[in-house]
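Some notes on the structure that comes next.
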Amino acid sequence: MKELRHAYLIMAHKADHILTTLLKMLDSVYNDIYIHYDLKSHDYKHLHSILGGVKYSRLTFVKRIRIYWGHISQCHAMYSLWEESYNHGPYDYYHIISGVDLPIQTQSEIRKFFLTNNGKNFVGFSKNKIPEKYNLHYFHPKYKRIGWLQRLIQVFEKQIGVRNRLFDKYILQRGCNWSSLTNEAVSILIEHKNEFLKALKYTNCPDECITQTILYNSKLRDTIFNIDNELRSCMRLIDWQRGTPYNYTIKDLEEIISSDLIFCRKITDNALADIIFQTYAENY
């Protein structure tokens, strides 16, 4: 049976027990691991001390960027991971995950799933109404002192009906930014990089729409796994009802164990991480 090549692209911001567990669970001759470590994080030296557990995967660090929530820097980090891994590929699948996600299937089960569905792209599409935030301009989040000016400009923009011209050309789509994409999909994302990064520079949460909009308006629209079910389509266990998103803890173990999804986001409970590792770890 053919084995697919996988690139795991991790957006991490702290070197803790969860990230250590994640690296151990991904460590396999079939996987390469790429890490973007937030430039705002100050424990970068400590990060290297936890890498000894990676024995089988090739491990690569990409250029570090200061990431701010809801800011275009999120997209720059994603592209840093996509481009670096694409240049070392090709891979059959590129999985964007965070440093607080863990796989909730064994590596052999994950490989079997993607082999069975080879050619499908796993990215979630929200069915909620498209918010107006994608058409308004937002200053850099770290400049809190100009918040009043930002609000004033947005009131004016709403009154005159500002619209991002990018969405005159493309049908806007949105959803969570965590995805598992084919080599062809990543090549299309890279092809549209400059156009979208420029147009979304002052957009709020552009990471929620860039992947969905590019792929929906491409020839790969029909390869989307389940466009009508956001979380199943990206194969991520994420709970937006109890949090933004909810932090899974040890009391949620039964829900996690019974899930047939691939990754759980997000986990900050070390005890839960240990049980997931004991249940699903399978390295070679």
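For the range 160-214, filtered to residues that are in contact with a helix residue (DSSP H, G or I) (Cβ under 8 Å, 6 or more places away or on another chain), in a helix (DSSP H, G or I) and among the polar types (S, T, N, Q), the residue that is surrounded by the most Cβ atoms within 10 Å (Cβ to Cβ) is 211. Checked against the criterion of being of a type in the set (Asp, Glu), open to solvent by 30 Å² or more (accessible area, probe 1.4 Å), in a loop (DSSP other than H, G, I, E, B) and without any contact (Cβ under 8 Å) to a residue 40 or more places away in the chain, the range 18-38 has no qualifying residue. Among the numbered conditions (1) β-branched (Val, Ile, Thr); (2) open to solvent by 50 Å² or more (accessible area, probe 1.4 Å); (3) at pLDDT 95 or above, the only one that residue 268 does not meet is (3).
Mind listing whichever residues of the range 230-240 are over 25 Å from residue 132 (Cβ atoms) and open to solvent by 50 Å² or more (accessible area, probe 1.4 Å)? 232 - this is the single residue of the range 230-240 that is over 25 Å from residue 132 (Cβ atoms) and open to solvent by 50 Å² or more (accessible area, probe 1.4 Å). Every test in (1) at pLDDT 95 or above; (2) among the hydrophobic types (A, V, I, L, M, F, W, C); (3) over 24 Å from residue 274 (Cα atoms); (4) touching a strand residue (DSSP E or B) at 6+ places or on another chain (Cβ under 8 Å) is passed by residue 67 save one, and that test is (1). In the range 116-123 there is no residue matching the filter, namely being under 17 Å from the mean Cα position of the chain (by Cα), surrounded by 18 or more Cβ atoms within 10 Å (Cβ to Cβ) and without any contact (Cβ under 8 Å) to a residue 60 or more places away in the chain.
The residue that is nearest to residue 182 (Cα to Cα), counting only those in the range 2-13 that are open to solvent by 10 Å² or more (accessible area, probe 1.4 Å) and over 16 Å from the mean Cα position of the chain (by Cα), is 5.
The values are calculated or read from the model by the stated rules, or taken from the named source; none is laboratory data. Just so we're clear, the structure is a prediction, and the values are computed from it rather than from any experiment. Glycine gets a Cβ as well: all are built from the backbone with ideal geometry, and neighbour counts include every protein chain shown. Side chains are part of the model used for accessible areas, which takes the heavy atoms of the whole protein and leaves out ligands, DNA and RNA. Shrake-Rupley method; radii C 1.70, N 1.55, O 1.52, S 1.80 Å.
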